[in-house]
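Okay, structure first, notes after.
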Amino acid sequence: MKRKLPTKLPRTGEPVIDQALLDHAKRAIAADQIPRVEKCSVCSAPCAPNSAEALCWVCRRLKISAWRDSDQQIAQE
């Protein structure tokens, strides 16, 4: 037994999706793909992706080390 071939619908030339909606969706996708590169407020290197203080990973680690050292000094006194 042969399978029935699907019937092709005639094209009317009208787009299925509104062009304004399609353009808006394309711009939204393009904005999501471009990474926002912020600079470190201390050394102007690119910021770490999870940094809320606008610090690169090196300056962020130095800040954490300084906090740890100051906490140890307070504990010794």
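Working carefully through the options SER44, SER70, find the one that is surrounded by fewer than 10 Cβ atoms within 10 Å (Cβ to Cβ), modelled with pLDDT of 80 or more, hydroxyl-bearing (Ser, Thr, Tyr) and out of contact with any Lys or Arg (no Cβ under 9 Å at 6 or more places or on another chain). Let's see the steps before the verdict.
Values: SER70 fails: surrounded by fewer than 10 Cβ atoms within 10 Å (Cβ to Cβ).
SER44 is the lone residue from the list that is surrounded by fewer than 10 Cβ atoms within 10 Å (Cβ to Cβ), modelled with pLDDT of 80 or more, hydroxyl-bearing (Ser, Thr, Tyr) and out of contact with any Lys or Arg (no Cβ under 9 Å at 6 or more places or on another chain).
Of the residues in region 1-28, how many are aliphatic (A, V, I, L, M) and either within 30 Å of ARG60 (Cα to Cα) or modelled with pLDDT of 80 or more (or both)?
Qualifying residue count, region 1-28: 6.
The values are calculated or read from the model by the stated rules, or taken from the named source; none is laboratory data. Just so it is clear, the model here is predicted, and its values are computed rather than measured. Every residue, glycine among them, receives a Cβ derived from its backbone with ideal geometry; neighbour counts consider all protein chains shown.
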